[in-house]
Every structure is written in C-alpha cells, then in structure tokens.
Amino acid sequence: MEKNLTVGLIVKPQGIRGEVKVKPYTDGAESFRGLKRVFIDGEEVKILSVRFGADAVFLGLKGVPDRNAAELLRGKELTIPREEAPDPGEGRYYIADLLGCEVFSDAGARLGVLTDIRHAATDIYTVDMDGKEVLFPAVKGVITEIDVSAKRITVDEKRFKEVAVL
C-alpha cells in the first residue's frame, strides 16, 4: 500500500494574498477541513485557512504570502500520510489502493491490471489487457468484489462485456 495519498492538485493562485485553488481528489471538499498539513514535493506545509467553492478548495498555506509565491505551486499535487487520512468507509477505497489490482472475471479468468481511474459522473476504470486499454464504468452490477489486500477486483463477465469500451 502507498505510504502517502494524493488528495488534490493546485490549479492556480487565488487572489493576491497567497491563497491557492485546489482541485480535490477526495469524495468531498469537506475532507480538507480536518487537515492541518499537506506535503508538496515531499515538504511539509501547514494549512492556515480552508474555504470552499464550487468543486474547489481554497487553501491558505504557511510560507505562501502572495500571488507570486502561490504561482510557483501551480500544478503541484498535495499529499498526506496515509495514517492521517480519514477512513474511506464501508465499500469505499482509495484510488492508490485500487491501481495495480488484477481484474478477474467471475469465472476466474484474468482480464488484466487496473491502470487508471478517471472521474466522471461514474468513475471510469482503465484495464490493461495484454497491452490494450479497455475502459469500463464502475457501475453497480459490473464490479462484484474488491479485495484490496489481495490486489484483486472481480467483475461480472457478462455485464463487463456489455459496458466495456475496447
């Protein structure tokens, strides 16, 4: 399992006082409210303020006093130690834990390895099937079981074939 979890991406500076606009990689922006610090390029940065906007989090960070300093952070990812991350809850998983899982059909056939998850109205999973990318929506009825500790995802073969995009 990954030691650190990526929780967001700094999109741009916000205003002139060093605040940054962050695209959250979490289920909800509210999860940032409980964070006291984040890491940027491996360096600890204390969070001074948190506020929310439409699909974004605005952070005031220690050591980022103005827009010029905030501009230098554009495109940087924010990480936190796994032990500081909230429990994802029953039936929920961190993307870092799903990537690299082997995907099997309910009949036991190995289909490939999960290589990417794209966010949309329904998450879109990308499976590398012997060098060919296959996309499928993570909708009810397609995924039948996820075992993060075994790095294994099981799908209903019939439903998978109906919705997979080759």
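Some observations on this one:
- Among the residues listed as VAL11, VAL22, the single one being buried (at least 19 other Cβ atoms within 10 Å of the Cβ) and either of a type in the set (Val, Ile, Thr) or out of contact with any strand residue (DSSP E or B) (no Cβ under 9 Å at 6 or more places or on another chain) (or both): VAL22
- The conditions of being modelled with pLDDT under 90 and not charged (D, E, K, R) are met by ALA120.
- Selection status of LEU99, over 14 Å from the mean Cα position of the chain (by Cα) and either at pLDDT 95 or above or more than 16 Å from PHE32 (Cβ to Cβ) (or both): no
- Residue that is small (Gly, Ala, Ser) and free of Cβ contacts under 8 Å to residues at least 12 places away in the same chain, where the choices are ALA85, ALA54, ALA96, ALA29: ALA54
- The stretch 120-166: number of residues that are free of Cβ contacts under 8 Å to residues at least 40 places away in the same chain and part of a loop (DSSP other than H, G, I, E, B): 14
- Matching residues in the stretch 52-81 - criterion: being of a type in the set (D, E, K, R) and at pLDDT 95 or above: LYS62, ASP66, ARG67, GLU71, ARG74, LYS76, GLU77
- Failed condition for LYS76, given (1) out of contact with any Asp or Glu (no Cβ under 7 Å at 6 or more places or on another chain); (2) assigned by TED's automatic domain parsing to the domain that holds SER31: (1)
- Residue match in the stretch 73-94 (condition: over 30 Å from GLU19 (Cβ atoms), within 18 Å of the chain's Cα centre (by Cα) and surrounded by 12 or more Cβ atoms within 10 Å (Cβ to Cβ)): yes
The values are calculated or read from the model by the stated rules, or taken from the named source; none is laboratory data. From a predicted model like this one, the values you see are computed outputs, not experimental measurements. In this analysis, Cβ positions are derived from the backbone assuming ideal geometry, glycine residues included, and neighbour counts consider all displayed protein chains.
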